Amino acid sequence: MGVVVNQSIKNTIITYIGFGIGAINILFLFTNFVSDTYFGLITFIFSTANILMPLMAFGAHNTIIKFYTSFKTRQSQNNFLSLMLLLPLLLIIPGILITYFSFDFLSNWLSSQNSIVKSYTWYIFISAIAFAYFEIFYAWSRVQMQSVFGNFMKEVFHRITTTILLILLYFGLLTAEELVLCMVAVYVLRMLIMSAYAFSLRFPIFKSFKIYNGIKIIKYAALIIVAGSVANMILEIDKFMIGKYVTIENVAYYGVAIYIATVIGVPARAMQQITYPLTAKFLNNKNNKELSLLYRKSSLNLFIIGGFIFLLIILNINQLYKLLPTDYSEGLIVVFVIGISKLFDTILGNNNAILFYSDYYRVVLLMGVFLVIATVLLNVYFIPNYGINGASYATALAIFLYNIIKLGFVHFKMKMQPFTVATGKTFCLIIACVLAFYFWDFRFHSLLNIAVKSLLLAICYGFIVYRFNLSEDVTSLINKLIKR
């Protein structure tokens, strides 16, 4: 776990810096500098682009991580990486042609509820391509065991530039329409910078595309599109469907609530940058002992850290919403519902990587397709009846069902499960902290209230985790901090 802990700590710090900047952007700058309509439009554009991203990538980013370590010679690795660069064009080029010749149909369908969307249809497609190739170059770097710079580009770069753009908007140097265009341009620039870094680590040599197990690799890439689409649709389909069923301002309210709840998953996002390549390596080498250990440790560590963040959010959410414009308080229930589902996500550890990079991914894909259909149907029912709260109900139900299926499948097929006695103790600690801290507040300003309550929670939670040694990795990290 040495390389995992080392890069995970760096990635966690970078990711939280990014989320901190993003929190300022979304909770304060967007909500005060941008109209609800344009904020909702921006959220709709990039959520839809994220849904399309796995299709545009042709599964190449996941395929790189799964198969790279199976190639032992430099020439075979070069052939493989070169193929992965060109593979997405099989869908991107037809996608461009379809969008061009069917523009009126697609734009009218996307803007059926909100006419403002029509003029920005191409922005969605361009963003999806930029997202796709960014993930490919990021995976290119990760298989070289270099994840930190890519994580900075993924989590920090576009948020800093967005802050600058919002300040320019505030001072009248940009219009709202120009802001949208510049944000798309930022994602394109991010992709280009990531490509330069990836090539500095390993420059592609286009000599031959003949590779061992080529048919198997392309078949996997095609099938993993479905897996990536399942994951992205569960995360983004709600925002897309809100834009289809109700006014686009609601996408902004929902987006803010989702962003708050998503902070719970930041440690998982940071850790997976290095646990995913390691998981693929253990699977390729059939090292089930190390894989099982990684499964349990990643689950417990993420549950402890994610549980603490969950508590920080839930225990302070009422005070936080007092700092936002009144209309955004409609997302309060969304934070609770999605927050619980995100906490459940942390328990899975590197479960997704085990499924994606094992030989069982085909069965899981079928389950995923069924789940996406269920998610869409749940949103069709819940959103018209319950608005943005309904979208959170549909998303949470989908996430719980999908996670239970994945946990059960890995346990049944690979005889591995992530739970330990410490998992149960952590769960009890989280419940106890909710009961102890939720029902009281200080009579201070909201910011001071949040700061004091969070400090008391950190002392209480940290002491119990450390005193009872719930995780060796967390205890070791705290000891290092104490020594410093």
What helix-only [θ] at 222 nm does the chain give? Using -39500 (n - 2.57) per DSSP H run of at least 4, over all residues, to the nearest 500, the answer is -26500 deg cm²/dmol
Dipole magnitude of the chain about its Cα centre (Cβ charges: Lys, Arg +1; Asp, Glu -1), debye to nearest 20:
2060 debye
Can you list the aspartates and glutamates whose alpha carbon sits under 14 Å from that of Lys413, skipping same-chain ones fewer than 8 residues off?
Asp359
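Longer than 26 Å from Cα to Cα, which of Lys10/Lys66; Lys154/Lys342; Lys286/Lys480; Lys297/Lys425 are they? Say none if no pair is.
Details: Lys10/Lys66 23 Å; Lys154/Lys342 20 Å; Lys286/Lys480 33 Å; Lys297/Lys425 15 Å.
As for pairs spanning more than 26 Å Cα to Cα, those are Lys286/Lys480.
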How would you rank 315-323, 458-466, highest first, on the average number of other Cβ atoms within 10 Å across their residues?
315-323, 458-466
Counting Lys +1, Arg +1, Asp -1, Glu -1, what net charge surrounds Trp140 among other residues with beta carbon under 14 Å of its beta carbon?
+3
Difference of contour (0.36 nm per residue) and Cα-Cα distance, Ile116 to Phe28:
29.3 nm
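Expressed in nm to one decimal, what extension gain is obtained for the pair Ile164 and Ser76 from 0.36 nm per residue of sequence separation less their Cα-Cα distance? Numbers along the way, then the final one.
Working: separation 88, 0.36 × 88 = 31.68 nm, distance 4.34 nm.
So the chain would gain 27.3 nm between Ile164 and Ser76.
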Carbon plus sulfur, as percent of the 1.4 Å-probe accessible area of the range 31-147, comes to 65 percent
Under the Karplus relation 6.51 cos²θ - 1.76 cosθ + 1.60, θ = phi - 60°, what is the ordered set of whole-Hz ³J(HN,Hα) values for the range 182-193, x standing for Gly and Pro?
5, 5, 5, 4, 4, 5, 5, 4, 4, 4, 5, 5
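How much net charge surrounds Met53 when only the other residues with a Cβ under 12 Å from the Cβ of Met53 are counted, with Lys and Arg +1 and Asp and Glu -1?
-2
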Potential extension, Phe412-Gln144 segment - 0.36 nm per residue separation minus Cα distance
93.2 nm
Residue-count net charge about Gln319 - beta-carbon cut-off 14 Å; Lys, Arg +1, Asp, Glu -1:
+2
Quick calc: nm separation of the 7 Å Cα→Cβ label points for Trp440 and Met367 -> 4.4 nm
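Determine, for each peptide in 469-481, 44-56, the mean count of other beta carbons within 10 angstrom over its residues, then list the peptides with the highest first. Please list the in-between numbers first.
Working: 469-481: 14.5, 44-56: 22.8.
The packing order, highest mean first, is 44-56, 469-481.
The values are calculated or read from the model by the stated rules, or taken from the named source; none is laboratory data. Note that this is a predicted model, so its numbers are computed, not measured. With ideal geometry, Cβ positions are generated from the backbone for all residues, glycine too; neighbour counts draw on all protein chains shown. Quick note on the areas: whole protein, heavy atoms, side chains included, nothing else; ligands and nucleic acids left out. Shrake-Rupley method; radii C 1.70, N 1.55, O 1.52, S 1.80 Å.
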